[in-house]
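The structure appears below as C-alpha cells.
The values are calculated or read from the model by the stated rules, or taken from the named source; none is laboratory data. Keep in mind the model is a prediction, meaning the values are calculated, not measured. Because the Cβ atoms are built from the backbone with ideal geometry, glycine has one as well, and the counts that use them run over all protein chains shown.
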Amino acid sequence: MLLISAEDIQTQIDAAEPLINKLQKLYGSLPKTRCQCERPGQCCMFLPQMTWIEALQWFGYLKALGPGEKENLVRRFLLFFLTNPARQSHCPFLADDGSCGIYEHRPFACRAYGMWSHSYGRQQTDQSREGKKALVAMWRRYGIELPEDVATHEIDYCGKMIVCGKKAFTDSRLMELLSKVYQLDDAQPDLQQRFENGYQSDFSALMASLVWGPRKANLNKYAVIKDLVQKNSDVRLKKILARAAVPF
Ligand code: SF4
C-alpha cells in the first residue's frame, strides 16, 4: 500500500487550487443555517468525514500559518490521534467557546450536519455507534479494554439546526451536492485511494503518519492508549508529543 508523503502534499496543495475553488462554490450552494444549541460545539466531538480535496484544503490552511500556530495545531491533531477513543476528545479546530477555528474551510460533513432529515440523521448516528462498538471489540482483541462509555459516546442527531430561507433542502439535494464534492477527488484518484485505504480518510492518522511514519504512529498510539487505560498515566503521551516535529 502506497502512503502519502509530505512531498505529495506540498506538490498538490498549489495544484489543487482550482479544485478547492470549485469545492468552495459547492459549499456556497448550501443554505445558511442557524444553530439553536445551548451547548455549541458538542457536535464537534470527532474529526469530520472528509474527501481528499477537503483534506488538501486543510493542509493548505496549515501551511499558511506561522510556525508557532502551525506547531500548536499539529500537536492538537497528534493528541487527537493518540488518545481517541480512550479519552473524550474533540475536533482539534474546536475553540474553547464552542466556535470552529476553520469555519471557512470546514468540510461538507460539518456544513450539512443538522440539515439531513431526522430519519436519515438518526440512521447515520446508529451506524456510527455500531462502528464504535466494533472498535471496542478490536481493541479488546489487542488486550485493551476501552472505557465503553467514552469509546462509544455519540450524541443524538441534532434537531436544533434552523435552515434559513424558504426553499426546502431535501436529502436528495444534499446527496446530489455531496456526490459533486466527492467527484472533485476524481482529479487525483491515486491520492484519493491512498487517503481512503491507507488512513480511512482520517486527517489525524495522516498527520501522525507524516510525523512518525505509519508503523511508529500506530505503535505510539497503542502504547499511549495502553498507558491511559491500564495505568491512568499520560507520561508517555506528554513525552511523545513534546518530541514531535512539524512535518512541513
Ligand atoms: S471543522 Fe469546525 S465545525 Fe467541523 S468538527 Fe471541527 S470544529 Fe466542528
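Between PHE203, PHE195, PHE169, which is surrounded by 16 or more Cβ atoms within 10 Å (Cβ to Cβ), away from the ligand (no atom under 16 Å from the Cβ) and either aliphatic (A, V, I, L, M) or closer than 22 Å to PHE81 by Cβ (or both)?
On the way: PHE203 fails: away from the ligand (no atom under 16 Å from the Cβ); PHE169 fails: either aliphatic (A, V, I, L, M) or closer than 22 Å to PHE81 by Cβ (or both).
Just one listed residue meets the conditions, PHE195.
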Out of SER179, SER209, sole residue that is part of a helix (DSSP H, G or I) and loosely packed, with under 13 Cβ neighbours inside 10 Å: SER179
Test each condition in (1) part of a loop (DSSP other than H, G, I, E, B); (2) away from the ligand (no atom under 16 Å from the Cβ); (3) among the hydrophobic types (A, V, I, L, M, F, W, C) for VAL150 and report the one that comes out false. (1)
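Would you say THR11 is within 12 Å of the ligand (Cβ to nearest atom) and hydroxyl-bearing (Ser, Thr, Tyr)? Break it down into steps so the answer makes sense when it comes.
On the way: within 12 Å of the ligand (Cβ to nearest atom): no; hydroxyl-bearing (Ser, Thr, Tyr): yes.
When the stated conditions are applied, THR11 does not pass them.
From the residues in segment 65-119 that are among the hydroxyl-bearing types (Ser, Thr, Tyr) and either in a loop (DSSP other than H, G, I, E, B) or exposed (fewer than 15 other Cβ atoms within 10 Å of the Cβ) (or both), which one is farthest from the ligand (Cβ to nearest atom)? Even if it seems obvious, please write down each step before you answer.
First pass over segment 65-119, keeping only residues among the hydroxyl-bearing types (Ser, Thr, Tyr): 83, 89, 99, 103, 113, 117, 119.
If we keep only those that are either in a loop (DSSP other than H, G, I, E, B) or exposed (fewer than 15 other Cβ atoms within 10 Å of the Cβ) (or both) too, we end up with 89, 99, 103, 113, 117, 119.
Working: SER89: 11, SER99: 8, TYR103: 7, TYR113: 8, SER117: 20, SER119: 23 Å.
Looking at residues that are among the hydroxyl-bearing types (Ser, Thr, Tyr) and either in a loop (DSSP other than H, G, I, E, B) or exposed (fewer than 15 other Cβ atoms within 10 Å of the Cβ) (or both), I get SER119.
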Restricting to segment 164-219, and then to whatever is at pLDDT 95 or above and of a type in the set (Phe, Trp, Tyr), can you tell me which residue is nearest to LYS25 (Cα to Cα)? TYR182
Can you tell me which residues in segment 214-239 are part of a helix (DSSP H, G or I) and polar (S, T, N, Q)? ASN218, ASN220, GLN230
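Output the number of residues of segment 83-107 satisfying the condition of being of a type in the set (A, V, I, L, M) and within 19 Å of ILE53 (Cα to Cα). If you could, list the steps in order and put the result at the bottom.
Of segment 83-107, the ones of a type in the set (A, V, I, L, M) are 86, 94-95, 102.
Going one step further and asking which of them are within 19 Å of ILE53 (Cα to Cα), we end up with 102.
Looking only at that region, the number is 1.
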